1. May I ask you to verify whether Pro209 is surrounded by fewer than 18 Cβ atoms within 10 Å (Cβ to Cβ), closer than 25 Å to Gly50 by Cα and either of a type in the set (A, V, I, L, M, F, W, C) or modelled with pLDDT of 80 or more (or both)?
2. Conditions: (1) closer than 18 Å to Gly98 by Cβ; (2) modelled with pLDDT of 95 or more; (3) small (Gly, Ala, Ser); (4) not in a helix (DSSP H, G or I). Ala19 meets all but one. Number of the miss?
3. Which pairs do you get when a residue that is within 15 Å of Arg179 (Cα to Cα), found in segment 224-250, comes within reach of a residue that is of a type in the set (Asp, Glu), reach meaning Cβ atoms under 9 angstrom, with the pair 6+ apart or on two chains?
4. Under 9 Å by Cβ, and 6 or more places apart or on different chains, what pairs join a residue from segment 158-181 that is within 18 Å of Arg145 (Cβ to Cβ) with one that is surrounded by fewer than 18 Cβ atoms within 10 Å (Cβ to Cβ) and modelled with pLDDT of 85 or more?
5. When you go through (1) modelled with pLDDT of 90 or more; (2) among the aromatic types (Phe, Trp, Tyr); (3) part of a helix (DSSP H, G or I) one by one for Tyr124, which number turns out not to apply?
6. Can you find a residue that is under 30 Å from Leu227 (Cα atoms), of a type outside the set (Phe, Trp, Tyr) and either touching a Lys or Arg at 6+ places or on another chain (Cβ under 7 Å) or at pLDDT 75 or above (or both) anywhere in segment 60-77?
7. Just for segment 138-180: of the residues that are part of a helix (DSSP H, G or I) and under 22 Å from Leu117 (Cα atoms), which one is modelled with the highest pLDDT?
8. Which one is nearest to Leu149 (Cα to Cα), of the residues in segment 231-244 that are hydrophobic (A, V, I, L, M, F, W, C) and buried (at least 17 other Cβ atoms within 10 Å of the Cβ)?
Amino acid sequence: MTRMIAVAGKGGVGKTTCAALLARALVAGGVRPVLAVDADPNSNLHLLLGFPMPTPLGSLREELLEEREKSAPRETLLEAMVQRRVAEGKDVDLVTMGRGEGPGCYCYVNNLLRRSLLRLSGNYSAVVVDNEAGMEHLSRRNLRRIDHLVLVADPSPRGLSAAQSIRELAGQLSLPVGRTWLLLNRPYSAQGGIGCPPPSSPPLLAEIPHDPSLPGLELSGRSFLDLPAGSPAATAAEAAARILISVGPS
C-alpha cells in the first residue's frame, strides 16, 4: 500500500526543506518510487529536488471547465492530462498543485482532480506532500487518507505551540490522519540545544540539525536528493524515514 505522508506547519519553519529530505530518505531506505506533491501556492519544492518548474495541476481547472461547456470531460482524459504534468526523475517524481481556486465554482473539477490524484498515487510506494502554511490544503480533503502527518516546527515555544494548534485543528476537522509526529527543524542555524516539547506535543519523529552543506546545495541549484549519506541532515531524515516505514497508522 502507498504510504501517504503530509508535511505541515506554520510558515517559515522549513517544511519544504524537510519534505525534500524525507523524499531522499525514503529512497535511501529502499522505498521507491516516491511522488513528491508541492501543495504550496508559492511553489519551490522543485528547486530543492532539481526539477524545472512543472506545469501546475491548477491550470487544469480552467481547461476542464471550458471543455465541460462542450461536453462532459472523461476521467480518462483528465488522467492523461495529469500524467503530462508529472515531472519524472530516477526515483522521485514531482507534481505541483499551483494556485488555489478563483471566483468560479470548482467543486466539479476538484472532485475529478482528487480522484485522478488518488489513482496516480497508487503508482508509488510513498507520497510526500509539502503543504502550504496552516491547514487549508488538508482541510479541502485533497488527500483521502493521511498515514503520517508530520508537523514541522522550530524548537521555540512559539513554534511548538503552532504545531500543537495544527494538530488540534486536524482533530477538529476530523481529517483522516493515522499518526501525527513532531519534526524539529534547525538546518541553517548553529544555535544551541532545543527546548523540551511539552507533554501534549505529538511524538518526536526526529530533529533535523544544523547542516552546513544544505545552503551550498540550494545556492548551486543541486538537488537535495544528491545530499551525501552521512551528512547531519541526511542522517536525521533517514532515521525519521525508518520510523515512518516501520510504524503503521494507528
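The values are calculated or read from the model by the stated rules, or taken from the named source; none is laboratory data. This structure is a prediction, so every number in the text was calculated from the model and none was measured. Here Cβ is always computed from backbone atoms with ideal geometry, including for glycine, and neighbour counts include all displayed protein chains.
1. Taking the combined requirement at face value, the residue satisfies it.
2. All conditions are met except number (4).
3. Leu244/Asp147; Gly248/Asp147; Pro249/Asp147
4. Arg179/Pro203; Arg179/Val247; Thr180/Pro203; Trp181/Pro203; Trp181/Leu204; Trp181/Ile243
5. (3)
6. Checked against the condition, which is being under 30 Å from Leu227 (Cα atoms), of a type outside the set (Phe, Trp, Tyr) and either touching a Lys or Arg at 6+ places or on another chain (Cβ under 7 Å) or at pLDDT 75 or above (or both), segment 60-77 yields no hits at all.
7. Ala170
8. Among residues in segment 231-244 that are hydrophobic (A, V, I, L, M, F, W, C) and buried (at least 17 other Cβ atoms within 10 Å of the Cβ), the one nearest to Leu149 (Cα to Cα) is Leu244.
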